[in-house]
Amino acid sequence: MPKLTIDGQEVEVAPGTTVLQACEEVGVEIPRFCYHERLSIAGNCRMCLVDMERSPKPIASCAMPVGEGMVIHTNTERVKKAREGVMEFLLINHPLDCPICDQGGECDLQDQAMAFGRSGNRYHENKRAVEDKYMGPLVETAMTRCIHCQRCVRFTEEVGGVEDMGALWRGEHTEITTYLDKVIESELSGNVIDLCPVGALTSKPYSFTARSWELKKTESVDVMDAVGSNIRVDARGNAVMRILPRLHEDVNEEWISDTTRFAYDGLKLRRLDTPYVKKGKSLEEAAWGDAFAAIKKKLKDVKGSEIAAVIGDLADMESMVALKDLLGGLGSKRIECRQDGTALEAGVRASYIMNTGIAGIEEADFLLLVGTNPRFEAPLVNARIRKATRKNGLKVANIGSAEDLTYKVDEFGDDATLLKKVLGGRHELSKALKAAAKPMIIVGQGALRRADGAQVLKAAHDIAEKYCVKEGWNGFNVLHTAAARVGGLDLGLTAKGGIEAIKADAEAGKLKVVFLLGADEFDTSALKDTFVVYLGTHGDEGVKNADVILPGAAYTEKSGTYVNTEGRVQRTAKAVFAPGDAREDWTILRALADVLEVKLGYNNLGELRARLVKLAPLAATLDTLVPAEWADFGAEGDVAEGGFGPAIGNFYLTNPVLRASKIMAECVEIREGNAEEATGTHG
Amino acid sequence: MSTASETVAFAWTAENEAEAQRHIAKYPSGKQQSAVMPLLHLAQKQNNGHVTQEIMEFIADYLGMPAIRVMEVATFYTMYNHKPVGKHHVQVCTTTPCWLRGSDGIVSACKKRLGVEMGGTTADGMFTLSEVECAGACVNAPVVAIGDDYYEDLTPESMTALLDALAKGEDVKPGPQNGRQTSAPEGGATTLKDFIAKA
C-alpha cells in the first residue's frame, strides 16, 4: 500500500488510487469537471491540477496514480494560480448567462468559479457560439455553455451502452453532439443532465419553470418500476417540478431511468380530483358522502363471497392492508395483487424476490436470463449487469427473445423447453452454470405469465437449486416490473385462480362487487356488469367500468411503504398534497370502513403501520436485505414448447402516471418515427 | 459536412479493398479499429478527395465500430475533407517559418492565379485552395502540398508557373522548385567541401 503525503498529512491508500481520490480520503477538496467516480478518467478539464514535489509542472490529480513517497501540495501559490488559469480559460468561451441558465444555482462551473477563479475577466474578444443540438424530448441543449468535459459522452457509452454521443471537430471548434442529431437511444439518457457540470445539457421539460433554490426537496422512492430507485422530489407550491436521483449504492447508484425522472407531468394530467358516482350511464361528480353511500347501498345485500379486490402496480402496502382489512370486515378474502397473472405465489419469499440483490450482480460470474428484457423492465438492473460485464467479466446468457441489452449476450433461443434441457445437465448452459463460482438466474415476468408459468417457475427453481444455491449465495432471482408486487406478495394478497378467475366470475355474475386499488393493467371490460369501486389516481383503464370512483394519492403525495424487486422495504415521502378532493388511499378506506360499519382498528398511520408489521413482519426492516430461506416452489409438470412474451409493452407507458404524461407520449412518438418533422427543428 | 449531396452507397474498388485489408492486417486481430485513419484516407482518395457521411458509415461498418467514433476521427483531423475538393488540392502552409520565408506572397500568387479565396474551388473544378498549419518541411519553406506531393522553396513566380503547368495537365517535379537538392544547403555544400572534392 503506497504511502504519500498530502498537505503535510501522511496517508496510506490502496494501490491504483489516484491522487485526487487520495486527497478526498484525507478531506482535501479538489475542484474538477471531467472527473466522475463512476466514469472512466478523461483528464481533459485540467481543473484538478495539484503540485507534486520533484515534478516541474503541476499534475492532473484525477489521472495520476499514487506512488510511494509522493508529496502533494494542494494549497500552494502555484496551485492557486494554475486553478485560476484553467478557470479563466474555461470561461473564455463560456457565455456567463447564469441568470437565464437553468443550471444557475446548482452549477459546478459557477460554484468553482466563485471558489477557485479570478474575480475579473481579461478576455475582451468575441466568444465562440455553438449551434444547439437536438437530443430528443428529454434533454435540452445550450451547447455554447459546453466546456467539453465529455462526461455525457462517457456516460452514454460506458453506463448507457449506446454509442450515440461524441465530440466532433477539434480545439476551439469542438462540439458535443449526438450522431446526426438523433435522440439518445438510452433509457438512462436523463442522467446526462445531472452529469453535465454546466448548463449545456438541461432538462427539457423542466426548462425555465423553476429555480433550484425555490424548490422544496423531499427524499422519496420511485415506483415506476420495481427497482425502487431512490429519488428526490423537488416541488414548488403544490406542484412537482422535477425528480432527481438520490445516491443508493445498492439500488440505483446515482442514476435513474427516464421514466422515473420525467413521469412527473403525468402527476398533474388526467388526475381524479373528486369522487364520481355512476348515475344511469355516465359518471357524475359527487361528494365523498354520496360516493360512500352509493357503495354502502350496493353492499347491503351482497355476500362476502361475492366481493373481490384487485391491487394495482403502484399501490403502497398501507393501503393494501387497509383494503385487506376492509374486505375482511365485509367477509371476503379474495384479494389479488397479480394483475398480470404471473405464476408467483405468496409464501416462499425466496421464490419471488431477487435473492442476490441488485448489487449482488457485481459479485456474480455467470448470469442466465430467462424470459426477461431487463433493459426495459428495470433499466437500472440492466445498467448493473452491464457494469458487471465490463468490470468483472460477467458472462450473460439468455433464454428468451434476443434483444439488444447493451452488452454481449449469448443467445440460446426463445424456447421454454430449454429449461428442462439445462436441468438435464448435458446442455452447454448446464456446464457453464456448473463451472461458475457464483452463478445467477433472473426470471422475468414474461416467463411466469405463460399458462404454464408455475411449471416454468418450478424448472427455474430446480435449475437454481442444482447450480445457483450455495453456501452464502442464492443465485435465484425474479425480476418484477410492478412496484407494488413484492409488497402484495409479502402480505399474501393472492387469490385462488388469480385475476383470470376474478374476471370469469365477474362475467358469470358470481362476483357482485370488485374493488380496484389503482388496478389499470388488465382488461376491465369483464367487470362491466359488476359494481366496480375504483380507488386510484388517474382516469385510466380502471375507471372505464367503474361505478364509484374514489380519488387517491400518487406516490409523491403520500408516505407509503414499497418493497422493491430485491425485497428491500423502502418508504416514499409526501412531497405535495393530492389534488382537489383526492386523499391518501388508506384514509379513504378508513373513512369508508366507518360508513360500512367495519372496524379496522387503526386511526393513524402509526397504528396502521403496526398492523402492517403484524401482517408482514419484514415491513419493519427498512432498507435492509433480509436473506430469504430457500424452499421448494412452483408446480411440477411439463413446460410447453414456445417462447416467452415481453413482460411489459412500451417502456414509456407502463403505468397510469406514465400514460398520462405528455413527455412520455413524446418519447413514444419520436421512437415510432411519427414525429419526423419535430426532429432537428424542435431544439 | 456534406450529408445530402451523396446518396450513392460507397464500396471499395478491388485494389482498395486489398489495400484496406493490408492496413487492417497491421494490427492484432480484434483491434481492427486501429486502421480507421488509413482507411478514411484511402476512402477519401477513392472518392476524389473528400469523405462523406456514407463513407464514414461504411468504414464504421467495415471495422465494426460505431459511426460516431469514425466521425470523431474524421472531423478531428484537418486532412480529411468534408466538402468536395478540386482535382488539385493546393494546401499552402502559412505557419511561422513559411510565413517568414514569404508564404504571404505564395498565398496571393495562388489567389491571383486561381481567382478564388481561401477554401474556394475554381469554377472548372481543377483547384481548391486552402491554408494549412505547419506542413513539417520548414527547411524548404515556403511549402505547398498538392495532392500527395510537396512543392518547396517556392516564390510567387514559381508558384504561378507550377499552377499553370498543373492546369495544362503537364507533369511537374515535386520537391524544391529552385534547383536545390532536397534540403541540402542552397547554392551547394557549405561544409566538408574538401571531402566532396576528393570524392
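The values are calculated or read from the model by the stated rules, or taken from the named source; none is laboratory data. If you're wondering where the values come from, they're calculated on a predicted model, not measured in any experiment. Here the Cβ is made from the backbone with ideal geometry for all residues, glycine too, and neighbour counts use every protein chain on show.
Taking the condition within 14 Å of chain A (Cβ to nearest Cβ) and without any contact (Cβ under 8 Å) to a residue 40 or more places away in the chain, does B:Val107 pass? It is false that B:Val107 is within 14 Å of chain A (Cβ to nearest Cβ) and without any contact (Cβ under 8 Å) to a residue 40 or more places away in the chain. When B:Thr13 is tested against (1) more than 14 Å from chain A (Cβ to nearest Cβ); (2) hydroxyl-bearing (Ser, Thr, Tyr); (3) crowded, with 16+ Cβ neighbours inside 10 Å, just one condition goes unmet, and that condition is (3).
State yes or no: is A:Asp97 out of contact with any Asp or Glu (no Cβ under 7 Å at 6 or more places or on another chain), touching a residue at least 40 places away in the same chain (Cβ under 8 Å) and surrounded by fewer than 17 Cβ atoms within 10 Å (Cβ to Cβ)? For A:Asp97, the condition - out of contact with any Asp or Glu (no Cβ under 7 Å at 6 or more places or on another chain), touching a residue at least 40 places away in the same chain (Cβ under 8 Å) and surrounded by fewer than 17 Cβ atoms within 10 Å (Cβ to Cβ) - is met. Of all residues in the stretch A:271-287, none satisfies the criterion of being modelled with pLDDT under 95 and either more than 29 Å from A:Tyr534 (Cβ to Cβ) or in contact with a Lys or Arg (Cβ under 9 Å, 6 or more places away or on another chain) (or both).
For A:Ala309, the test of being modelled with pLDDT under 95, under 30 Å from A:Tyr652 (Cβ atoms) and buried (at least 16 other Cβ atoms within 10 Å of the Cβ) is failed. Of the helices (runs of 4 or more DSSP H) lying entirely inside the stretch A:578-663, those containing at least 1 residues that are more than 22 Å from the chain's Cα centre (by Cα) are A:585-595, A:605-615.
This table checks each residue for (1) without any contact (Cβ under 8 Å) to a residue 24 or more places away in the chain; (2) in contact with a Gly (Cβ under 9 Å, 6 or more places away or on another chain).
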| residue | (1), (2) |
| --- | --- |
| A:Glu428 | yes, no |
| A:Lys438 | no, yes |
| A:Ala460 | no, yes |
| A:Ala464 | yes, yes |
| A:Val478 | no, yes |
| A:Ala501 | yes, no |
| A:Asp505 | no, yes |
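Condition first: within 30 Å of A:Glu641 (Cα to Cα), within 29 Å of the chain's Cα centre (by Cα) and either among the hydroxyl-bearing types (Ser, Thr, Tyr) or modelled with pLDDT under 95 (or both). Can you find one or more residues in the stretch A:539-548 that meet it? There is no residue in the stretch A:539-548 that is within 30 Å of A:Glu641 (Cα to Cα), within 29 Å of the chain's Cα centre (by Cα) and either among the hydroxyl-bearing types (Ser, Thr, Tyr) or modelled with pLDDT under 95 (or both). Considering (1) modelled with pLDDT under 95; (2) more than 30 Å from A:Lys438 (Cα to Cα), the lone condition that A:Glu471 does not fulfil carries the number (2).
A:Phe366 meets all of the listed conditions (1) more than 20 Å from A:Ala437 (Cα to Cα); (2) among the aromatic types (Phe, Trp, Tyr); (3) surrounded by fewer than 24 Cβ atoms within 10 Å (Cβ to Cβ) but one, namely (1). With the condition kept exactly as written, say whether any residue in the stretch A:590-608 is closer than 22 Å to A:Val563 by Cα and touching a strand residue (DSSP E or B) at 6+ places or on another chain (Cβ under 8 Å). No. Filtering A:Thr654, A:Thr621 for residues that are of a type in the set (S, T, N, Q), touching a residue at least 40 places away in the same chain (Cβ under 8 Å) and touching an Asp or Glu at 6+ places or on another chain (Cβ under 9 Å) leaves a single hit, A:Thr654. Flag not set for A:Asp97, criterion: away from chain B (no Cβ under 14 Å), out of contact with any strand residue (DSSP E or B) (no Cβ under 8 Å at 6 or more places or on another chain) and closer than 20 Å to A:Ile256 by Cβ. The sole residue among A:Gly228, A:Gly120 that is without any contact (Cβ under 8 Å) to a residue 24 or more places away in the chain, in a loop (DSSP other than H, G, I, E, B) and either more than 29 Å from A:Glu672 (Cβ to Cβ) or within 14 Å of chain B (Cβ to nearest Cβ) (or both) is A:Gly120.
Scanning the stretch A:126-176 for residues that are part of a loop (DSSP other than H, G, I, E, B), over 23 Å from the mean Cα position of the chain (by Cα), within 12 Å of chain B (Cβ to nearest Cβ) and among the β-branched types (Val, Ile, Thr) turns up just one, A:Thr174.
Of all residues in the stretch A:291-326, those being of a type outside the set (Ser, Thr, Tyr) and under 22 Å from the mean Cα position of the chain (by Cα) number 9. In this structure, does A:Ala322 turn out to be over 24 Å from A:Leu457 (Cα atoms) and in contact with a Phe, Trp or Tyr (Cβ under 7 Å, 6 or more places away or on another chain)? Yes: the conditions hold for A:Ala322. Scanning the stretch A:314-359 for residues that are among the acidic types (Asp, Glu) and assigned to a loop (DSSP other than H, G, I, E, B), we see that the one that is nearest to A:Gly542 (Cα to Cα) is A:Asp340. Given the options A:Gly347, A:Gly393, name the one that is within 17 Å of A:Glu566 (Cα to Cα) and among the small types (Gly, Ala, Ser). From the options A:Gly347, A:Gly393, the qualifying one is A:Gly347. Filtered by the rule that a residue be more than 14 Å from B:Thr160 (Cα to Cα) and of a type in the set (Asp, Glu), the stretch B:95-124 gives B:Glu117, B:Asp124. Annotation for the stretch A:412-422: no member residue is acidic (Asp, Glu) and either under 20 Å from the mean Cα position of the chain (by Cα) or surrounded by 22 or more Cβ atoms within 10 Å (Cβ to Cβ) (or both).
Could we say that A:Ser55 is buried (at least 19 other Cβ atoms within 10 Å of the Cβ) and of a type in the set (Ser, Thr, Tyr) here? It is false that A:Ser55 is buried (at least 19 other Cβ atoms within 10 Å of the Cβ) and of a type in the set (Ser, Thr, Tyr).
Would the stretch B:134-148 turn up any residue that is assigned to a helix (DSSP H, G or I) and either buried (at least 18 other Cβ atoms within 10 Å of the Cβ) or out of contact with any Asp or Glu (no Cβ under 9 Å at 6 or more places or on another chain) (or both)? Yes, the stretch B:134-148 contains a residue that is assigned to a helix (DSSP H, G or I) and either buried (at least 18 other Cβ atoms within 10 Å of the Cβ) or out of contact with any Asp or Glu (no Cβ under 9 Å at 6 or more places or on another chain) (or both). Listed by position, the helices (runs of 4 or more DSSP H) contained in the stretch B:1-118 that have at least 2 residues being among the aromatic types (Phe, Trp, Tyr) and more than 29 Å from B:Leu163 (Cβ to Cβ) are B:53-63.
Across the stretch B:39-87, the qualifying residues are those that are buried (at least 17 other Cβ atoms within 10 Å of the Cβ), hydroxyl-bearing (Ser, Thr, Tyr) and under 17 Å from the mean Cα position of the chain (by Cα), and the one among them that is farthest from the other protein chains (Cβ to nearest Cβ) is B:Tyr80. Filter the stretch A:495-518 for residues that are over 19 Å from A:Ala291 (Cα atoms) and hydrophobic (A, V, I, L, M, F, W, C) and give the result. Within the stretch A:495-518, A:Ala495, A:Ile499, A:Ala501, A:Ile502, A:Ala504, A:Ala506, A:Ala508, A:Leu511 qualify. For the stretch B:18-37, the tally of residues that are under 11 Å from B:Ala74 (Cα atoms) and not β-branched (Val, Ile, Thr) stands at 1. Across the stretch A:177-196, the qualifying residues are those that are within 9 Å of chain B (Cβ to nearest Cβ) and β-branched (Val, Ile, Thr), and the one among them that is nearest to A:Asn93 (Cα to Cα) is A:Thr177.
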